[in-house]
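As structure tokens, the structure follows; a few thoughts come after it.
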Amino acid sequence: MSNKQPKTLGEFIIENQAAFPYSSGELSRLINAIRLAAKVVNHEVNKAGLVDIIGQAGGVNIQGEEQQKLDVLANNLFIQTLTNREIVCGIASEEEDHFISINSKNKDYQNNYVVLFDPLDGSSNIDVNVSVGTIFSIYRRITPIGTPVTLADFLQRGRAQVAAGYIIYGTSTMLVYTTGDGVNGFTLNPAIGTFYLSHPQMQFPKNPKIYSINEGHYAYFPEAIKKYLKYCQDSVEGRPYTARYIGSLVSDFHRNLIKGGIFLYPETAQAPKGKLRLLYECNPMALLAEQAGGDATNGKIAILDILPETLHERTPFYCGHKKMMTELHRFLKF
Ligand code: AHG
Ligand code: MN
Ligand code: MN
């Protein structure tokens, strides 16, 4: 084992700032703020089991505030952290109907970036002690600096993201992100509250084996997907593949990235656009997937090429290892 001191996320951000095309330090400060919010949310998520016990004693916390649902709490924590530090000009969240325009006190709309996020992904897993996550996506605004942001700043193609990533609150807490130059993963040492670079330049591994889909909806899947699932289960040429489905996109994606797999959330007759949200679930994961040598599509075009029409729009989502995506495409063609 090498005794070299691992790099911290803080050090990594500073080192990589210069390599970024617009290296004013603004994006670095923004990632730093996300890092901070992640640590606070991590602390809250870890206490989730205890909240029920405290809740039974009256439903109010120590400051006399009503207990909030964890996804609302995570939402407020991220918004507060980003707003207080005056480093973004706009925020959109799964938990907010409309985008938030931020007029920083000292710098009249002088910030460049907008952030979109899913504050707590897989939140139905909280009660059963299963990993959840936060997903974020960052763009440069397209409207003129010095003016309030508009919806157009948020409705950009995923291809225009300058950074994207997720935090997984799992057996360890990790922050995984890209600024378009590969994917790096950092693991939190909770004792000292520091993220360390544990997974530099993450790439999907050579031999993928996992498919992840909520097969309970099989009856409603498009024929192409039904056929593809049978293909995954055939006993020829390295198959059957292994089925794994957690029900938290972050956790399913993270496992598939490390072990090699594909994630599928198709459209159905009842939900013709599927379930997952393009802007703060699919786009960030698609950028990470492409940066790690994988691929993501809605079945017709690359996720990152979709021009969004609304903030909360959904899309069918197929994402993962290149080899498995190529196999899937053979079925989607017909
Ligand atoms: P969220 O908790 O942010 O609403 O997201 C839940 C999503 C996603 O994490 C997961 O992949 C998907 O819902 C699971 O859906 P099914 O229960 O339909 O499988
Ligand atoms: Mn989600
Ligand atoms: Mn959510």
## Note on the structure
Within segment 231-283, the residues that are surrounded by fewer than 20 Cβ atoms within 10 Å (Cβ to Cβ), of a type in the set (Ser, Thr, Tyr) and in a helix (DSSP H, G or I) are 231
### Message
With the requirement that a residue be within 14 Å of ligand 1 (Cβ to nearest atom) and either in contact with a strand residue (DSSP E or B) (Cβ under 8 Å, 6 or more places away or on another chain) or in the same structural domain as residue 185 (by TED's automatic domain parsing) (or both), what does segment 247-263 give you?
### Response
248, 249, 250, 251, 252, 253, 254, 255, 256, 261, 262, 263
### Message
Going by what's in this entry, would residue 171 be described as part of a loop (DSSP other than H, G, I, E, B), over 19 Å from the mean Cα position of the chain (by Cα) and away from ligand 3 (no atom under 16 Å from the Cβ)?
### Response
no
### Message
Anything in segment 77-118 that is farther than 20 Å from residue 28 by Cα and within 16 Å of ligand 1 (Cβ to nearest atom)? List them, or say none.
### Response
93, 94, 95, 96, 97, 118
### Query
Say we look at segment 240-277 and pick out the residues that are of a type in the set (A, V, I, L, M, F, W, C) and within 16 Å of residue 122 (Cα to Cα); which of these is farthest from ligand 3 (Cβ to nearest atom)?
264
### Summary
Looking across segment 182-198 at residues that are under 17 Å from the mean Cα position of the chain (by Cα) and of a type outside the set (A, V, I, L, M), the single one that is surrounded by the fewest Cβ atoms within 10 Å (Cβ to Cβ) is 182
### Summary
Going through segment 128-157 in order, the residues found to be at negative phi, assigned to a loop (DSSP other than H, G, I, E, B) and not polar (S, T, N, Q) are 130, 141, 142, 144, 145, 148, 149, 155, 157
### Query
Filter segment 127-146 for residues that are over 20 Å from residue 80 (Cα atoms) and of a type in the set (S, T, N, Q); which is farthest from the chain's Cα centre (by Cα)?
143
### Query
Does residue 217 count as closer than 30 Å to residue 5 by Cα and modelled with pLDDT of 95 or more?
no
### Summary
Result of the Cβ filter at 7 Å on segment 109-137, keeping first residues that are touching a residue at least 40 places away in the same chain (Cβ under 8 Å) and within 14 Å of ligand 2 (Cβ to nearest atom) and partners that are assigned to a loop (DSSP other than H, G, I, E, B) and of a type in the set (D, E, K, R), at least 6 apart or interchain, is 118/94; 119/94; 119/95
### Message
Whether any residue in segment 99-110 is modelled with pLDDT of 85 or more, touching a Leu at 6+ places or on another chain (Cβ under 7 Å) and aromatic (Phe, Trp, Tyr) is what I want to check.
### Response
yes
### Task
Quick one: residue 124 ticks every box in (1) surrounded by fewer than 19 Cβ atoms within 10 Å (Cβ to Cβ); (2) more than 20 Å from the chain's Cα centre (by Cα) except a single one, so which number is it?
(2)
### Query
Residues in segment 309-329 that are of a type outside the set (Phe, Trp, Tyr) and either in contact with a Ser or Thr (Cβ under 9 Å, 6 or more places away or on another chain) or in the same structural domain as residue 154 (by TED's automatic domain parsing) (or both): how many?
6
### Message
Kindly evaluate residue 115 against the criterion of being part of a loop (DSSP other than H, G, I, E, B), in the same structural domain as residue 79 (by TED's automatic domain parsing), in contact with a Ser or Thr (Cβ under 9 Å, 6 or more places away or on another chain) and within 30 Å of residue 247 (Cα to Cα).
### Response
no
#### Entry: Selection within segment 314-334 - surrounded by 15 or more Cβ atoms within 10 Å (Cβ to Cβ) and in a loop (DSSP other than H, G, I, E, B)
315, 316, 321
### Query
Any chance segment 303-313 includes a residue that's among the β-branched types (Val, Ile, Thr), touching a residue at least 60 places away in the same chain (Cβ under 8 Å), part of a loop (DSSP other than H, G, I, E, B) and within 16 Å of ligand 2 (Cβ to nearest atom)?
no
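The values are calculated or read from the model by the stated rules, or taken from the named source; none is laboratory data. Predicted model only: the values in this text are computed from it and were never measured. Using ideal geometry, Cβ is built from the backbone for each residue, glycine included, and neighbour counts are taken over all protein chains shown.
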